[in-house]
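Student: Sending over a structure as structure tokens; questions will come in a sec.
Each value in this text was obtained by applying a stated rule to the coordinates, not by laboratory testing. Just so we're clear, the structure is a prediction, and the values are computed from it rather than from any experiment. Cβ placement follows ideal geometry from the backbone for every residue including glycine, while neighbour counts extend to all protein chains displayed.
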Amino acid sequence: MREAVYSTLKALYESKEVTVKKQLKYGTTRISNEISTLRNNFNVKIITDRITTKTKKSYGSYRLIRTDKNLKIVKEMLNKYSPKNNDKNGGN
């Protein structure tokens, strides 16, 4: 799992703001790509809210769907792909 995907997933799990405006904080210039990877490759359920600015532009704000099943998937992934675990196991 790429570091940007892991950082994005961790932020979603911790209920932090995950938007285009914050994407560099998660090591990516295209947060929508990381969200797509989580949805399509890892089956993580994520909601996209549309936010409209004063200048009538819009962007996505992402939230983790907090069902027991989805949270279990996310917890397992965070443990499995944790940078700490990857260092111990020689990477992933």
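Student: Could you give each residue of region 15-21 its phi-based ³J(HN,Hα) in whole Hz, using Karplus coefficients 6.51, -1.76, 1.60 with θ = phi - 60°, and x for Gly or Pro?
Tutor: 6, 8, 5, 10, 9, 4, 5
Student: May I pose another question? Could you tell me what % of all Cα pairs in region 3-87 have separations over 14 Å?
Tutor: Pairs farther apart than 14 Å: 63 percent.
Student: Follow-up. Counting only residues 5 or more places away or on other chains, whose amide H sits under 5 Å from the amide H of Val18 once H atoms are built in the peptide plane?
Tutor: The list, which skips near neighbours in sequence, is Tyr62.
Student: On to the next question. So what J values fall out for region 68-73 if you push phi through Karplus, 6.51 cos²θ - 1.76 cosθ + 1.60 with θ = phi - 60°, rounded to Hz, Gly and Pro as x?
Tutor: Karplus values, whole Hz, x for Gly and Pro: 4, 5, 5, 5, 5, 4.
Student: Also, quick follow-up: For the chain, give the magnitude of the charge dipole about the Cα centre (Cβ charges: +1 Lys/Arg, -1 Asp/Glu; no others), in debye to the nearest 20.
Tutor: So the dipole magnitude of the chain works out to roughly 320 debye.
Student: In sequence order, what are the phi-derived ³J(HN,Hα) couplings for region 39-46 according to the Karplus relation 6.51 cos²θ - 1.76 cosθ + 1.60 with θ = phi - 60°, rounded to whole Hz, with x for glycine and proline?
Tutor: Karplus values, whole Hz, x for Gly and Pro: 5, 7, 8, 10, 6, 7, 8, 9.
Student: Assuming R0 = 30 Å, what is the FRET efficiency of Lys72 and Thr52, from their Cβ-Cβ distance, to the nearest 0.05?
Tutor: 0.30
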